[in-house]
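Let me begin by presenting the structure, written as structure tokens, before commenting on it.
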Amino acid sequence: MRVLVTGGAGFIGSAVCRYLVADLGIQVVNVDALTYAANLESLAEITESPLYSFEKADVRDRAALDAILARHEPDAVMHLAAESHVDRSITGASIFLDTNIMGTATLLEAVRSYLDHGTGAKRDNFRLLHISTDEVYGSLGPDGLFCEDTPYDPSSPYSASKAASDHIVRAWTRTYGLPCIISNCSNNYGPYHFPEKLIPLVILNALEGKPLPIYGDGSNVRDWLYVTDHAKALFLALTKGRIGHKYNIGGRNERTNLQVVQEICGMMDLFAPKKEPYSALISYVADRPGHDHRYAIDATKVETELGWRPEESFTSGIEKTVHWYLNNEDWWRPLRDRVYSGERLGILKQAAA
């Protein structure tokens, strides 16, 4: 089996590539444009494998996609290429719309052409898995869970662009008969996470004695999913999921943002103790515009149909994550020094009167 992974140098994409190659022995073609959040160092353990190959290309580049599909003849596509940081989408929405919407449409058209020229079992067995987010559903109240039939109600430019891409995938499945499946996941965390996201930002700020920013009062709730568990679920969705269906993937690990930061501080106190507890660095900052209050996923469908269960609890996963960042400064230090140093993103300036 040969799987083409778009965005394979990103956080979730690299976890998928490592899992497919190192654990399952599957051939992988990684297609990535290498934007700021991509990092080929995240793939160092599989780079020399004969099962792995890399193609630098943008999913908006139809000619490049056509050539890559013709050259590698994949049996499946896992589409993860996307702009993904909500804060960046607030002040720079255009690239999110262009990459996440038009990039997805361009990929679908390239795959449609590829399959139109294919024959036999390869065409009949082909699958495309579009990986999306629970943020497309908007915000929950204190109760309830996101199900696969929850209406879409996106709040940010990022989530709106992902909602649009989900709709495009569904439309191409119904109109053109493309064999597509959609997954919507909760917040991922784990090793190799770009340091603009909450968990790596808190770990690295704590190490450097910088404030640990919490938006608003810290009561916003997220369901946390260890990235390796997610990679395993995605492969099951690709190979066992039903065409035209969607699967919500969550860790059943709800935490407020304040609880997440406090748990990280507790781990840091154990593994890298300083004179003062790390919780003394917690700082409350102005809330993010349009900040959804609560996300929580009902993962019953993926659990019952595909037999998937997360292996990591939040406590076990965050312990592994903290350990990884403490032991892998050579991975994150160049990013911290040259790409993103921990500054606040997504701040809207007051319009002139």
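Coordinate-derived values only; no laboratory data. Everything numeric here is computed off the predicted structure, so don't read it as measured data. As a convention, Cβ positions derive from the backbone with ideal geometry for all residues, glycine included, and neighbour counts pool all protein chains shown.
Under a 10 Å cutoff between Cα atoms, tell me which one of SER139, SER313, SER165 has the largest fluctuation in the Gaussian network model of the chain.
Among SER139, SER313, SER165, the largest mean-square fluctuation in the Gaussian network model of the chain belongs to SER313.
Considering the options GLY92, LEU140, GLY118, tell which one lies farthest towards the positive end of the dipole of segment 78-147, charges being +1 on Lys and Arg and -1 on Asp and Glu at the Cβ, about the Cα centre.
GLY118
Return the FRET efficiency for the residue pair ARG309, GLU45: r is the Cβ-Cβ distance, R0 is 25 Å, and the value is rounded to the nearest 0.05. Write out the running numbers ahead of the final one.
On the way: r = 25 Å, r/R0 = 1.01.
So the FRET efficiency works out to roughly 0.50.
Placing unit charges on C-beta atoms (Lys and Arg positive, Asp and Glu negative, everything else neutral), compute the dipole magnitude of the chain about its Cα centre in debye, rounded to 20. Mind dumping the intermediate values first?
Values: 35 positive and 45 negative charges, 80 e Å.
It works out to roughly 380 debye.
Taking the chain as a Gaussian network, Cα atoms linked when under 10 Å apart, which of SER159, SER316, SER14 shows the biggest mean-square fluctuation?
Result: SER316 has the largest fluctuation of those listed.
Within segment 269-307, list the residues whose amide N lies under 13 Å from a label point set 7 Å along Cα→Cβ of SER139.
287-295
Dipole of segment 14-144, Cα-centred, from +1 at each Lys and Arg C-beta and -1 at each Asp and Glu C-beta, to the nearest 20 debye? Show your work: numbers first, answer last.
Details: 10 positive and 20 negative charges, 71 e Å.
With only Lys, Arg, Asp and Glu charged at Cβ, the dipole is about 340 debye.
Would you grab the residues whose amide H sits under 5 Å from the one on PHE146? Only those 5+ places off in sequence or on another chain, please, with H modelled 1.01 Å from N.
ALA296, ILE297, ASP298
Collect residues whose amide H, placed 1.01 Å from N in the peptide plane, falls under 5 Å from the amide H of THR133; neighbours closer than 5 in sequence don't count.
The answer is CYS185.
Please list the non-local residues whose amide H lies under 5 Å from the amide H of GLU83, H modeled 1.01 Å from N, same-chain partners needing a gap of 5 or more.
Residues meeting the amide H criterion: ASN100.
Show me the ranking of peptides 1-10, 244-253 by mean Cβ neighbours inside 10 Å, starting with the highest.
On the way: 1-10: 25.0, 244-253: 22.6.
Top to bottom by mean Cβ count within 10 Å: 1-10, 244-253.
Find which of TYR340, LEU201, ALA82 sits farthest along the positive direction of the dipole of the chain, computed with +1 on the beta-carbon of Lys and Arg, -1 on that of Asp and Glu, about the Cα centre.
ALA82
Given springs between every Cα pair under 10 Å in a Gaussian network model of the chain, which of ASN30, ASN327, ASN100 has the largest fluctuation?
Result: ASN327 has the largest fluctuation of those listed.
Starting from the Cα gyration tensor of segment 286-338, take the square roots of the eigenvalues, sort them a ≥ b ≥ c, and report rounded, prolate or oblate (rounded when a/c is under 1.5, otherwise prolate if a/b is larger than b/c, else oblate). Spell out each step's value before the answer.
Working: a/c = 2.80, a/b = 1.37, b/c = 2.05.
Judged from the Cα gyration tensor, segment 286-338 comes out oblate (a/c at least 1.5, b/c at or above a/b).
I'd like to compare 76-85, 116-125, 203-212: which one has the highest average count of other Cβ atoms within 10 Å, and what's the full order after that?
Numbers: 76-85: 24.9, 116-125: 10.7, 203-212: 18.1.
Put in order of decreasing packing, that is 76-85, 203-212, 116-125.
In whole Hz and in residue order, list the ³J(HN,Hα) couplings for segment 232-244 that follow from phi through the Karplus curve 6.51 cos²θ - 1.76 cosθ + 1.60, θ = phi - 60°; x for Gly and Pro.
Result, ordered by residue: 5, 5, 5, 5, 5, 5, 5, 8, 10, x, 8, 4, x Hz.
Quote the relative contact order of segment 263-353 in percent (integer), defining contacts as alpha-carbon pairs under 8 Å separated by 6+ residues. Please report the intermediate quantities before stating the final value.
Working: 22 pairs, mean separation 28.0, N = 91.
Relative contact order, segment 263-353: 31 percent.
Each residue of segment 270-279 in order: what ³J(HN,Hα) in whole Hz does its phi give by Karplus 6.51 cos²θ - 1.76 cosθ + 1.60, θ = phi - 60°, with x for Gly and Pro?
7, 9, 9, x, 10, 4, 9, x, 4, 4
What spacing in nm lies between the two simple spin-label points modelled at SER341 and HIS291, each 7 Å away from Cα in the Cβ direction?
According to this spin-label approximation, the distance is 2.4 nm.
Work from the charge dipole of segment 254-332 (Cβ charges, +1 for Lys and Arg, -1 for Asp and Glu, about the Cα centre) and give the residue of SER313, ASN327, VAL285 farthest towards its positive end.
Most positive-ward Cα: VAL285.
Using only Cα atoms, tell me the angle between helix 62-72 and the longest principal axis of the chain; keep it within 0 to 90° and round to the nearest 10.
70 degrees
Once phi is turned into ³J(HN,Hα) by the Karplus curve 6.51 cos²θ - 1.76 cosθ + 1.60 with θ = phi - 60°, what whole-Hz value does each residue of segment 135-148 show in order, with x for glycine and proline?
With coefficients 6.51, -1.76 and 1.60, one gets 5, 4, 7, x, 10, 8, x, x, 10, x, 9, 6, 10, 4 Hz.
Run the reach check for LYS56 against aspartates and glutamates, Cα to Cα strictly under 15 Å, same-chain hits fewer than 8 apart removed. What comes back?
Here the aspartates and glutamates satisfying the reach criterion relative to LYS56 are ASP32, GLU41, ASP66.
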